[in-house]
Amino acid sequence: KFEFGMGWSAGGADLDASVIALDSSGKLIGTMYFGEKEALKDFGVSTSGDNMTGEGDGDDEVVTVDIAGLNNGKSDMLVHYLFFTISVYHSDCCDTFGCIGQKRINIYGPYHGDYGQIGSFDMNKSYGFGANHLVAGVMRRIEDTDSFEFVSLGKEISIHSNDATALPTSASFQEIVKGMNGPQTDEMSRL
């Protein structure tokens with residue numbers, strides 16, 4: 001299993017963790033977000049729920065992926081890409097990441113049979129002055145095997161919609177998808 005966690009400081013903001021699943025051709029299989037929490041359930045993707053305030057210790061929202069579930073799809077709906085996104089759904093001060101404090105991403109994976117943190121990223125240092133969405137990373141199928149790799153992306157997108165359902169059709173997201181088929185760039189790193 002693999003977990004993508006994110007959090008932010010409480011105080012007038014609602015961030016949402018979402019997952020966009022695509023097949024090998026880049027066709028949308030589904031988007032899991034706060035309004036469709038079970039959209040990717042058949043593929044082993046689940047969420048801890050929708051934290052609308054950022055209150056509480058630890059990660060405010062966590063997406064869990066059972067990698068074996070990604071291989072359960074029908075042949076015409078086999079998941080090749082899972083894009084992990086964060087969206088500013090609401091903020092009292094502005095609708096971008098710029099005014100939201102203590103933003104962070106944590107990545108967890110199996111470690112001797114248990115979960116251990118395998119990556120962490122402080123979003124306050126690099127992101128968010130004008131963007132309302134962040135494509136944080138992607139789990140992608142390694143060729144035609146049942147194995148996946150995680151590639152961190154950190155790509156900001158600004159669109160008029162504040163939820164992840166509009167991301168798959170945006171030109172900026174489509175450019176990111178196109179880049180997944182080509183060689184890796186130095187901006188990408190594997191965890």
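The values are calculated or read from the model by the stated rules, or taken from the named source; none is laboratory data. As the structure is a prediction and not an experimental result, all values here were calculated from the model. Heads up, the Cβs are rebuilt from the backbone with ideal geometry, glycines too, and the neighbour counts pull from every protein chain shown. Protein only, heavy atoms only, side chains kept; ligands, DNA and RNA dropped before computing areas. Shrake-Rupley method; radii C 1.70, N 1.55, O 1.52, S 1.80 Å.
Points worth noting:
- Ile107 passes every criterion in (1) modelled with pLDDT of 90 or more; (2) in contact with a Leu (Cβ under 9 Å, 6 or more places away or on another chain); (3) surrounded by 12 or more Cβ atoms within 10 Å (Cβ to Cβ) apart from (1).
- Just one of (1) open to solvent by less than 40 Å² (accessible area, probe 1.4 Å); (2) touching a helix residue (DSSP H, G or I) at 6+ places or on another chain (Cβ under 8 Å); (3) not in a strand (DSSP E or B) fails for Gly54. It is (2).
- Per the listing Ala17, Ala68, the residue uniquely of a type outside the set (Ser, Thr, Tyr) and out of contact with any Lys or Arg (no Cβ under 9 Å at 6 or more places or on another chain) is Ala17.
- Restricting the search to strands (runs of 3 or more DSSP E) fully inside segment 113-191 and requiring at least 3 residues that are at pLDDT 85 or above and either within 22 Å of His80 (Cβ to Cβ) or in contact with a Gly (Cβ under 6 Å, 6 or more places away or on another chain) (or both) gives 133-141, 148-157.
- Scanning segment 147-179 for residues that are under 22 Å from Phe34 (Cβ atoms), surrounded by 15 or more Cβ atoms within 10 Å (Cβ to Cβ) and among the polar types (S, T, N, Q) gives Asn162, Thr165, Ser170, Ser172.
- Set Thr85, Thr64: member being at negative phi, assigned to a strand (DSSP E or B) and touching a helix residue (DSSP H, G or I) at 6+ places or on another chain (Cβ under 7 Å): Thr85
- Residue list for segment 67-82, filter: assigned to a strand (DSSP E or B) and open to solvent by 10 Å² or more (accessible area, probe 1.4 Å): Tyr81
- Within segment 30-51, tally of residues that are more than 15 Å from the chain's Cα centre (by Cα) and not in a loop (DSSP other than H, G, I, E, B): 3
- For segment 91-102, the count of residues that are surrounded by 13 or more Cβ atoms within 10 Å (Cβ to Cβ) and within 15 Å of Glu3 (Cβ to Cβ) is zero.
- Candidates are the residues of segment 1-44 that are aromatic (Phe, Trp, Tyr) and open to solvent by 30 Å² or more (accessible area, probe 1.4 Å); the one that is modelled with the lowest pLDDT is Phe34.
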